[in-house]
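A quick write-up on the structure given underneath.
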Amino acid sequence: MNILGIETSCDETAVAVVEDESVVLSNVIASSRQSFEHLAGVIPEEAARRQLECMIPVLAEALRKAKLNWSAIDAIAVTKGPGLLGSLLVGTTTARVLASIIQKPLIGVHHTFGHLSSTWLRESKNEKRKTSHSDFPILTLSASGGHTDLWYRSSHTRGMLLGRTRDDAAGEAFDKGASLLALPYPGGPSIAKAAEGGDPKRYAFPLPLEHDETFDFSFSGLKTSLKYLLRDFRLDPQSDPGILRNIAASYQFAICRHLADKVNRALCRHLGTREVHLVGGVSANTHLRQWMTTICGIHDAKPILRFPSSLAYCTDNAAMIAAAGFFLHNELGDRAFESFETSATLPLGETVLRK
Ligand code: KG4
Ligand code: ZN
């Protein structure tokens, strides 16, 4: 089964073709992020206008790279939300028109469910990792610029949301921190680079929600601590590379420690967890991956740690949407083809089915 995926929830125009659950035949992305770098954010109308221009060339390129024509496409999967409404509409309207022309089913995918499916993506058949029920239960930390949440699933579409951020997302904490340090957007890669060789223990940041029993996250306090650290100690990271290195390393450490702390607590509660998955833009962070490797190693059940096989599958992409479409169809049958609305604010609870 070949599924064509379309993802346009933020500033990217992404189209991919995925064979069955995981083999990526093509994964094309055109991003207007560079033009927004100096703003530390995205202008929604401008992003949607660029997506209108890019959509047809990106679609053609995805089919060309997959070496397929339209008759070989069995279904179309598209991000239905959440995200920027204008951008989402470019993707879903294109998908609806295409599905109607080629007379193939259309699957609406929650953006977060796309990220949850990204750890199965592989470049070739030889690398293919078949989904098996023995993989589950899986604990997945999904952390990006728009969301940070922790899931516990007994299959792809069944499970529960254990916790979520109460304020900023983890990626947002990186982005806002980078802005305070006058580093370029997006902040995650900038801070990771600036932190190289720095001392992560040089500046102490609080551990958020330390005495809270839930699996929720909170990042806004870390950003505020960074702001006061710079103000109170009159630190000027730009004029001293050593200070910048240590602050970036300490701030990165604080964000990753908070994420790792909650994953650790969830593993203590859910002893039967077989795998821990890290997904979303923040899963590209090497320091976070090291934390998670250590955490998985200290638990008796020794859960397997997985993250997307390529950086391109950590950040927003259409291959994960196509894979998600496959899993939805595989587990829900024709219910996956039910009509859907395009929505900027889609509740997290609608990501996977509750038991
Ligand atoms: O998943 P994604 O591409 O888009 C959203 O759905 O938000 O994630 C983007 C976020 C940004 O906040 C970016 O700063 C963060 O992921 N990010 C990283 C790294 N690469 C991207 N955060 C930490 N370390 C990285 N290496
Ligand atoms: Zn995302």
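The values are calculated or read from the model by the stated rules, or taken from the named source; none is laboratory data. None of the values given here were measured: they were computed from a predicted structure. Methodologically, a virtual Cβ is constructed for each residue, glycine included, from the backbone with ideal geometry; neighbour enumeration extends over all protein chains shown. Ligands, DNA and RNA are stripped out before the accessible areas are found, and what is left, the full protein with its side chains, is counted by its heavy atoms. Shrake-Rupley method; radii C 1.70, N 1.55, O 1.52, S 1.80 Å.
The number of residues in region 299-350 that are part of a loop (DSSP other than H, G, I, E, B), within 16 Å of ligand 2 (Cβ to nearest atom) and within 17 Å of Gly281 (Cβ to Cβ) comes to 8.
Scanning region 156-191 for residues that are in a loop (DSSP other than H, G, I, E, B) and open to solvent by less than 10 Å² (accessible area, probe 1.4 Å) returns His156, Thr157, Ala169, Leu181. The residue that is nearest to ligand 2 (Cβ to nearest atom), counting only those in region 91-112 that are β-branched (Val, Ile, Thr) and buried (at least 24 other Cβ atoms within 10 Å of the Cβ), is Thr112. Remark: His115 falls outside the filter, which requires a residue to be farther than 21 Å from Thr342 by Cβ and either acidic (Asp, Glu) or surrounded by 24 or more Cβ atoms within 10 Å (Cβ to Cβ) (or both). When region 192-220 is limited to residues that are surrounded by 18 or more Cβ atoms within 10 Å (Cβ to Cβ) and assigned to a helix (DSSP H, G or I), the one that is nearest to ligand 1 (Cβ to nearest atom) turns out to be Ala192.
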